[in-house]
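Following: one structure in structure tokens, then a few remarks.
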Amino acid sequence: MKNTLTRCNNLTGSQNQEFSLTSDSAEQTKQIGHALVTYLGKSVNIGLFGELGAGKTQLVKGMARGLHIDEDEVVSPSFGLINVYEGDKKLYHVDLYRLESTMDIETIGLDEVIFGKGLCVIEWADRLKRDAFFLDIRIHITIHGHERRVLRFSGGISNNIHEALKPFNPNKEIVWR
């Protein structure tokens with residue numbers, strides 16, 4: 001599959017829609033991240049939402065794999081707040097879990113990352129509150145049992161992204177809302 005898209009939020013054919021799919025393992029969550037990143041433009045901001053252990057970092061590891069970054073190097077930047085990885089394009093991995101105010105967001109230089117070039121993935125994006133206007137795609141991950149996760153995608157979703165993720169629910173249609 002060839003990447004034929006430009007910046008996700010400026011795509012022709014990109015629609016502000018929502019759909020859900022199911023992952024049955026951490027490995028499958030990584031595969032979803034890999035498939036997703038294949039169809040993203042050069043500068044995209046993704047917000048990840050979900051409780052501890054939902055699989056946010058597993059999804060980022062899959063995105064890293066898709067950008068030819070060693071997924072074993074990808075760790076949640078809970079203490080450093082932002083990790084930067086070099087691959088086919090830069091991957092900015094942000095974790096806002098420990099932040100308590102929007103003032104902290106300005107202090108860590110998040111504005112430089114989200115308006116720069118590269119893929120910016122923000123774990124605990126709910127900490128952004130009203131300042132999340134810049135998110136192109138939002139992914140809410142909920143836990144359904146030991147391994148099963150439901151991933152709900154919303155935002156600027158193109159038909160190519162929809163098609164790339166279809167194999168992860170082979171016996172069902174992806175549910176659009």
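The values are calculated or read from the model by the stated rules, or taken from the named source; none is laboratory data. Just so we're clear, the structure is a prediction, and the values are computed from it rather than from any experiment. Neighbour counts are summed over all protein chains in view; Cβ atoms, including those assigned to glycine, are modelled from backbone coordinates with ideal geometry. Surface areas here come from the heavy atoms of the whole protein model, side chains and all, with no ligands, DNA or RNA. Shrake-Rupley method; radii C 1.70, N 1.55, O 1.52, S 1.80 Å.
Counting only residues that are within 16 Å of residue 140 (Cβ to Cβ) and either of a type outside the set (D, E, K, R) or at pLDDT below 90 (or both), the stretch 36-66 holds 15 of them.
Out of 41, 50, one residue alone is out of contact with any strand residue (DSSP E or B) (no Cβ under 8 Å at 6 or more places or on another chain) and within 21 Å of residue 165 (Cβ to Cβ). It is 41. Applying the set (1) at pLDDT below 90; (2) under 11 Å from the mean Cα position of the chain (by Cα); (3) open to solvent by 30 Å² or more (accessible area, probe 1.4 Å) to residue 126 leaves exactly one unmet item: (2).
Among the residues of the stretch 85-104, which ones are modelled with pLDDT under 85, surrounded by 14 or more Cβ atoms within 10 Å (Cβ to Cβ) and in a loop (DSSP other than H, G, I, E, B)? Explain how you work it out, then say what you get.
Residues of the stretch 85-104 that are modelled with pLDDT under 85, as a first pass: 98-104.
In the following step, the residues that additionally are surrounded by 14 or more Cβ atoms within 10 Å (Cβ to Cβ) were identified as 99, 102, 104.
Correct list: 99 only.
Going through (1) loosely packed, with under 14 Cβ neighbours inside 10 Å; (2) in a helix (DSSP H, G or I); (3) modelled with pLDDT under 90 one by one, residue 27 falls short only on (3).
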